Amino acid sequence: MTTDPKTPAPEDPAKMAEFDTRLARDETIEPKDWMPEKYRKQLTRMMSQHAHSEVVGMLPEGNWITRAPSLRRKMVLLAKVQDEGGHGLYIYCGAETLGIDRAELIDQYLYGTAKYSSIFNYPTLAWADIGVIGWLVDGAAIVNQTMLARASYGPYARAMIRICKEENFHKRQGYELCATLARGTPAQRAMVQDAVNRWWWPSLMMFGPHDGDSPNSGDLLKWKVKLKSNDDLRQRFVNLTVPQAKAIEITLPDPDLRYDEASGNWLIGPIDWAEFKQVISGNGPCNHERLAARRAAHEEGRWVREAAAAYAAKRSEPAGQAA
Ligand code: BYC
């Protein structure tokens, strides 16, 4: 009998049972522990996409560093964009503990089919977009990542704890910027309202498709990588954000938004999934621009990687052999 090379070998039932018992006890899975191949693959996919998102996410905000309206705002924005790069690096390190090389992951994203968050394919058209990204985009990320900080894979969960602390600061600076503009001149108010109108729906799409259309959620929830579903997290974000918008007298662009007494939830109107599909399949407003910028940065940094590798090789030579 021949075996199909595409069909993964069945997992050892005893190891699988031990793995399930450890998850049931809420133990974390560590890099050298046994894990099912599908768990390793799902985590590699999710963590690498997360890392790519952090790095590509530096571009929309980085675009405004030279145009920040004051030294204080410029320093805050510079620090935030640097933090996002750092988040990408922690998560790449975490993903590498699953046995894959970072260069391969980056290759899959720059020249292959790996995804990154849909949200970073939208343009930053005005200064208010910087506040709204902090408030809504980092706000959505915190809701998602606070749960991931309890994910079953130890290196991912630990990276998230530190990242969430920084994201909280990002969100606060964004909301403070929005609040300042909202109580400013009529032009400033209009600018922040316009930015919210453009970013609200894409922020809701960050949580992924509805649960019934989410092919990966089954495994990820079973294995406690995700602890809440896409829709549950999206609902939590909406419930947190509606009162914040009211507090600064900003309108969320959803005529169907209403409070449901029975569930205690703010219910939203329909999400435009056709737009989401366009964006994640490479046809959003900025997909080409973002990938081109990342590819150019990667190529321009090639000499640095080569020099670092040559230096490391030289240092590892036994004493006396270096020329
Ligand atoms: N965008 O089965 P599903 C940040 C894909 S950066 C693109 O529900 P899953 C920040 C999904 O990959 C933080 N693709 O997937 C940085 C799957 O396709 P594949 C970003 C999406 O994994 C700078 C397919 O749709 N956060 O905060 O169960 C400045 C079906 O989806 C999206 C993370 O990366 C999307 N929005 O759940 C400011 C969080 N949604 O891979 C801020 C980590 C879905 O099968 N990731 N897809 O071809 C996650 O929590 C989960 O992966 C998701 C999706 C909730 C995003």
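The values are calculated or read from the model by the stated rules, or taken from the named source; none is laboratory data. All figures in this text were calculated on a predicted structure; none of them were measured in a lab. Cβ coordinates were reconstructed from backbone atoms using ideal geometry, including for glycine residues, and neighbour counts include every protein chain displayed. To get the accessible areas, we keep the full protein, side chains included, count just its heavy atoms, and leave off ligands, DNA and RNA. Shrake-Rupley method; radii C 1.70, N 1.55, O 1.52, S 1.80 Å.
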- Task: Please find, within segment 17-62, the residue that is farthest from the ligand (Cβ to nearest atom) out of those that are in contact (Cβ under 8 Å) with a residue 12 or more places away in the chain and of a type in the set (Ser, Thr, Tyr).
- Result: 28
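Yes or no, residue by residue, for (1) more than 30 Å from residue 189 (Cβ to Cβ); (2) touching a Gly at 6+ places or on another chain (Cβ under 8 Å):
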{"position": "231", "(1), (2)": "yes, no"}
{"position": "242", "(1), (2)": "no, no"}
{"position": "245", "(1), (2)": "no, no"}
{"position": "257", "(1), (2)": "no, yes"}
{"position": "260", "(1), (2)": "no, no"}
{"position": "266", "(1), (2)": "no, no"}
{"position": "284", "(1), (2)": "no, no"}
{"position": "289", "(1), (2)": "no, no"}
{"position": "295", "(1), (2)": "yes, no"}
- Could you please tell me which pairs satisfy a Cβ distance under 8 Å, a separation of 6+ or placement on different chains, a first residue in segment 262-291 that is among the charged types (D, E, K, R), and a second residue that is in a helix (DSSP H, G or I)? 272/201; 275/201; 275/205; 290/56; 290/59; 290/120; 290/121
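From 292, 308, 296, 262, which residue is over 20 Å from residue 194 (Cβ atoms), part of a loop (DSSP other than H, G, I, E, B) and more than 11 Å from the ligand (Cβ to nearest atom)? Please lay out each step first, then the result.
Numbers: 292 fails: part of a loop (DSSP other than H, G, I, E, B); 308 fails: part of a loop (DSSP other than H, G, I, E, B); 296 fails: part of a loop (DSSP other than H, G, I, E, B).
Residue meeting the stated conditions: 262.
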- Task: Would you check if residue 113 is of a type outside the set (Asp, Glu), open to solvent by 20 Å² or more (accessible area, probe 1.4 Å) and in a helix (DSSP H, G or I)?
- Result: no
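Out of 134, 139, 85, 174, which single residue is in contact with a His (Cβ under 7 Å, 6 or more places away or on another chain) and within 10 Å of the ligand (Cβ to nearest atom)? Spell out the reasoning first.
Numbers: 139 fails: in contact with a His (Cβ under 7 Å, 6 or more places away or on another chain); 85 fails: in contact with a His (Cβ under 7 Å, 6 or more places away or on another chain); 174 fails: in contact with a His (Cβ under 7 Å, 6 or more places away or on another chain).
Every option except 134 fails the conditions.
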- Going through segment 195-226 in order, the residues found to be within 9 Å of the ligand (Cβ to nearest atom) and among the hydroxyl-bearing types (Ser, Thr, Tyr) are 214, 217
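Is at least one residue of segment 249-256 open to solvent by less than 20 Å² (accessible area, probe 1.4 Å), touching a residue at least 60 places away in the same chain (Cβ under 8 Å) and touching a helix residue (DSSP H, G or I) at 6+ places or on another chain (Cβ under 6 Å)? Step through it out loud before you land on a result.
Filtering segment 249-256 down to residues open to solvent by less than 20 Å² (accessible area, probe 1.4 Å) leaves 250, 252, 254.
From what is left, the residues that are touching a residue at least 60 places away in the same chain (Cβ under 8 Å) are 250.
From what is left, the residues that are touching a helix residue (DSSP H, G or I) at 6+ places or on another chain (Cβ under 6 Å) are 250.
Yes, segment 249-256 contains at least one residue that is open to solvent by less than 20 Å² (accessible area, probe 1.4 Å), touching a residue at least 60 places away in the same chain (Cβ under 8 Å) and touching a helix residue (DSSP H, G or I) at 6+ places or on another chain (Cβ under 6 Å).
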